[in-house]
Amino acid sequence: MSITSTAAAGTPVCRPSVSRGGRRSRCAVRAQAAGDGGAAADGASSEQKSLEIMRKFSEQYARRSSTFFCSDKSVTAVVIKGLADHKDQLGAPLCPCRHYDDKAAEAAQGFWNCPCVPMRERKECHCMLFLTPDNDFAGEDQAISLEEIKEATSKY
């Protein structure tokens, strides 16, 4: 699948292509932040969009992996904001909780792109974004609102 252009919400934004198995791939539907109107030309709208996309991804992945957000929602908010910032800057949601000598090279390599390999293989999230139920810091939520993220990260 290859992205060809941006489009209004609910409109496919890819060219169908044939995968290795001979089947056509499905087109993705681009998520759209509320009130965006599909014309995210300025940086603030783009940042808002990335934040909403990473919020939705985090909620969906938590449900799919049977993990939970930290009981301190500010931890969750800061990590999601960091992922969104890296997605904007690097084109990939590179783990924001690690030090890198070359962030662009690490993002291209993919090992630490969320969900990172340790999370996918062993359910070990260094960032404390996705916590197993037996973790002492695990909360009961698999959802966080955009408002909660904005409120928690406005201090930084």
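Results, tabulated for the structure shown:
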{"read-out": "Every pair of residues 6+ apart whose Cβ atoms lie under 6 Å, when the first sits in region 105-126 and is farther than 16 Å from residue 67 by Cα while the second is acidic (Asp, Glu) and open to solvent by 50 Å² or more (accessible area, probe 1.4 Å)", "value": "112/106"}
{"read-out": "Scope region 120-156; condition polar (S, T, N, Q) and in contact with a helix residue (DSSP H, G or I) (Cβ under 7 Å, 6 or more places away or on another chain); matching residues", "value": "142, 153"}
{"read-out": "Residues of region 114-145 that turn out to be open to solvent by less than 90 Å² (accessible area, probe 1.4 Å) and within 14 Å of residue 97 (Cβ to Cβ), as a count", "value": "11"}
{"read-out": "Residue 34 being over 19 Å from residue 125 (Cβ atoms) and at pLDDT 95 or above", "value": "no"}
{"read-out": "Selection within region 79-109 - among the hydrophobic types (A, V, I, L, M, F, W, C) and surrounded by 13 or more Cβ atoms within 10 Å (Cβ to Cβ)", "value": "79, 80, 83, 84, 90, 92, 94, 95, 97, 104, 107, 108"}
{"read-out": "Close pairs from region 75-102: first free of Cβ contacts under 8 Å to residues at least 24 places away in the same chain and over 20 Å from residue 137 (Cα atoms), partner among the basic types (Lys, Arg) and open to solvent by 60 Å² or more (accessible area, probe 1.4 Å), Cβ under 9 Å, at least 6 apart", "value": "86/103; 89/103; 90/103; 94/87; 94/103"}
{"read-out": "Residue that is nearest to residue 55 (Cα to Cα), among those in region 68-78 that are of a type in the set (Gly, Ala, Ser) and either in contact with a Phe, Trp or Tyr (Cβ under 7 Å, 6 or more places away or on another chain) or surrounded by fewer than 18 Cβ atoms within 10 Å (Cβ to Cβ) (or both)", "value": "74"}
{"read-out": "Test result for residue 150, within 16 Å of residue 77 (Cβ to Cβ) and open to solvent by 50 Å² or more (accessible area, probe 1.4 Å)", "value": "yes"}
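The values are calculated or read from the model by the stated rules, or taken from the named source; none is laboratory data. Predicted model, so just to flag it, every value in this text is computed and none were measured. No Cβ is skipped: glycine too gets one built from the backbone with ideal geometry, and neighbour counts run over all protein chains shown. Side chains included, ligands, DNA and RNA excluded: accessible areas come from the protein's heavy atoms. Shrake-Rupley method; radii C 1.70, N 1.55, O 1.52, S 1.80 Å.
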